[in-house]
Amino acid sequence: MTFPSEKENVTRALAERGVTLPCPRCGDNGWSVLEAYISNSLTQNTSKVIVGGSVLPTVAVICTKCGFLSEHVATVLELSVYIGNRLRAARNWSDNDATFLRNCR
């Protein structure tokens, strides 16, 4: 998935799930989709972070008034059909990570 061409898919996925509340910090209703993925590193050991290890791909929306950032897991939003194997291969995505996220739905 590349931005901005997939920005509509993110907006649609959030709307289908009723993500319509105002900003929890300032109460404004203006949001903008960040035109990139965020790759959050996953680790089970807080004393050791593995660079290039497994990641949790998220998309983010930003409040246009105060800048509050809200992240949403791409696979839970079923955006994984757009991510496909490219992100998994690029970030050493493991089968265990994918199974965990499928079970979150």
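Things worth noting here:
- Exposure proxy order (Cβ contacts within 10 Å, fewest to most) of Leu34, Leu79, Leu21: Leu21, Leu34, Leu79
- Coupling constants for the stretch 11-20 follow from the phi torsions by the Karplus curve (6.51 cos²θ - 1.76 cosθ + 1.60, θ = phi - 60°), and in residue order they are 4, 5, 4, 5, 5, 4, 9, x, 7, 9 Hz; glycine and proline get x.
- Among Val59, Val76, the order by Cβ neighbours within 10 angstrom, fewest to most, reads Val76, Val59.
- Going by neighbour counts of Cβ atoms within 10 Å, the residues Ser39, Ser47 line up, fewest first, as Ser47, Ser39.
- Backbone amide hydrogens, once placed in the peptide plane, bring Ser54 within less than 5 Å of Leu42, excluding anything fewer than 5 places away on its chain.
- With a cut-off of 13 Å between beta carbons, the residues surrounding Ser32 carry a summed charge of 0, where Lys and Arg count +1 and Asp and Glu -1.
Laboratory data are not the source of any read-out in this text; all were calculated from the coordinates shown. Worth saying up front: this structure is predicted, and the values here are computed from it rather than measured. Cβ atoms come from the backbone with ideal geometry, glycine included; neighbour counts cover every protein chain shown.
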